[in-house]
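Report on the structure given below.
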Amino acid sequence: METLVVDHPLVAHKLTTLRDVRTDSPTFRRLTDELVTLLTYEATRDVRVSRVTVDTPLRPAEGVQLSRPTPLVVPILRAGLGMLDGMTRLLPTAEVGFLGMARDEETLQPATYADRLPQDLSGRQCYVLDPMLATGGTLAAALKLLVDRGADHVTAICLLAAPEGLSAVEDRLGETLGEDHGAVLRVVTAAVDDRLDDNGFIIPGLGDAGDRLYGCV
């Protein structure tokens with residue numbers, strides 16, 4: 001599994017403000033939206049395109065357009081919803097599916113409570129939106145579900161990742177999918193932080209992304 005940390009001053013600037021405990025929810029939502037657009041730009045460098053020819057006012061010109069089937073964007077509820085607009089701003093023709101997965105705070109294991117995805121994803125490129133890659137259980141389960149349904153190229157876009165989470169995702173997918181699944185799996189993130197604390201939160205992190213986006217409910 002490939003990991004890409006986007007090293008850009010604007011990414012670092014926006015992430016710093018997201019970390020700040022004084023940043024209120026409206027500002028947090030806006031900055032998340034802007035940061036995801038920057039991450040999407042890097043994450044879609046290998047999005048599939050087809051060659052086309054169009055007529056300009058002067059002469060025909062060769063170019064590209066997104067191949068079909070178009071990419072599928074999958075926000076993991078609820079916090080992933082805060083990343084959706086930033087992603088679809090650059091991919092307005094993408095289809096959107098929803099996956100509800102919650103982490104049990106005692107076992108730290110994921111449980112699926114909503115699945116609004118096609119049963120057949122053969123040949124599809126998928127982009128998973130999950131703000132915090134902490135213990136890795138939720139993301140590993142989401143990636144496995146997509147690959148099991150036929151997706152052959154899956155990129156997870158995360159605001160932050162923990163080293164333990166990245167290792168856990170790779171290990172769990174190796175155990176559950178095997179080495180011959182044939183899918184390309186990537187994680188694109190703004191930063192890889194120091195570690196997880198005893199409660200499974202990223203340190204230094206930015207707190208609970210869902211609560212900071214939408215409040216404590």
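Heavy-atom accessible surface of the chain, averaged per residue, reaches 50 Å², computed with a 1.4 Å probe. Applying both filters, DSSP loop and at most 16 other Cβ atoms within 10 Å, to the GluC sites (Glu not before Pro) of region 162-197 gives 179.
Cα centroid separation, region 145-160 to region 44-110: 12 Å.
Short-range pairs are left out: with C-alpha atoms under 8 Å and at least six residues apart, the relative contact order of the chain is 23 percent. Between residue 164 and residue 27, residue separation times 0.36 nm minus the direct Cα-Cα distance comes to 46.4 nm.
Subtract the Cα-Cα distance of residue 115 and residue 20 from 0.36 nm times their separation in residues, and report this length gain in nm to one decimal. Don't skip to the end; give the middle numbers.
Details: separation 95, 0.36 × 95 = 34.20 nm, distance 3.33 nm.
Length gained, residue 115 through residue 20: 30.9 nm.
Close amide H partners of residue 96, meaning residues 5 or more places away or on another chain with modelled amide H under 5 Å apart, are 73. List the residues of region 112-144 whose backbone N lies under 18 Å from a point placed 7 Å from the Cα of residue 12 along the Cα-to-Cβ direction. Those under the cut-off are none; the list is empty. Loop-resident GluC sites (Glu not before Pro) (DSSP state other than H, G, I, E or B) in region 35-113 with no more than 10 further Cβ atoms inside 10 Å of their Cβ: 105, 106. Modelled spin labels at residue 51 and residue 198, positioned 7 Å past Cα toward Cβ, are 6.2 nm from each other.
When the chain is treated as a Gaussian network with alpha carbon springs shorter than 10 Å, the biggest mean-square fluctuation among 61, 140, 79 belongs to 61. For the chain, the longest principal axis of the C-alpha atoms and the axis of helix 137-148 are separated by about 30°. Of the heavy-atom accessible surface of the chain (probe 1.4 angstrom), what whole percent is carbon and sulfur? Looking at the chain in its full context, I get 51 percent from C and S.
Available extension along the chain between residue 90 and residue 179 is 28.8 nm, counting 0.36 nm per residue and deducting the alpha carbon span.
The values are calculated or read from the model by the stated rules, or taken from the named source; none is laboratory data. Keep in mind that what you see is a predicted model, and the values were worked out from it rather than measured. When we count neighbours, we look across all protein chains shown, and the Cβ atoms used for this are built from the backbone with ideal geometry, even at glycine. The protein model used for the area step is the full one, side chains on, heavy atoms only, and it has no ligands, DNA or RNA in it. Shrake-Rupley method; radii C 1.70, N 1.55, O 1.52, S 1.80 Å.
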